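Readers should treat all values here as calculations from the given coordinates under stated rules, not as data from a laboratory. Because the structure is predicted, anything quoted here is derived from the model rather than measured. Glycine gets a Cβ as well: all are built from the backbone with ideal geometry, and neighbour counts include every protein chain shown.
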Amino acid sequence: MFKKLLLSSIIAILLLTSAFAATVNINQADIVTLAENLKGIGMKKAKAIVDYREANGDFNTIDDIVNVKGIGAKTLQKNRESLSVGESKSDADVTEETQSNEATDKKEKQEVKKEVTKDTSKSKE
């Protein structure tokens, strides 16, 4: 029973996390992030994106992703709304964003813990 509850909680967290993921910054995303969040992009193409970025520097626009071998206009169009190249951020902006993300993560973990405790208590009754 506990295993099912734990698994359900983990799935809920993953679904919540993916629901809040609006865009993927192709200048910062790692291979796994690219593969998991972009349509038509598996591990091989995700690696090609990262390799291209490391060899040529950051993408200037999302359209530049078609310069990566194996990524064409169709793949770009399928993912256009999910892609970004980011923007320059000041150190203060980065610090503020990091603190906000940490606070959100902490709150989500507390909510899941409450649900697990609540469900565990019910199952003992």
_If each residue of separation counts as 0.36 nm, what is the full-extension length gain between Asp105 and Lys69 once their alpha-carbon separation is subtracted?_
9.4 nm
_Inter-probe distance in nm under a simple model that places probes 7 Å from Cα toward Cβ, at Asp58 and Lys114_ = 3.9
*Whose amide H sits under 5 Å from the amide H of Leu83, counting only residues 5 or more places off or on another chain, with H placed in the peptide plane?*
Val24
*What ranking, highest mean first, results for peptides 33-46, 60-73 when packing means the other Cβ atoms within 10 Å averaged over each residue?*
33-46, 60-73
_Set the bar at 23 Å for Cα to Cα. Now go through Lys45/Lys107; Lys3/Lys113; Lys44/Lys74; Lys45/Lys106 and name every pair that lies beyond it._
Lys45/Lys107; Lys45/Lys106
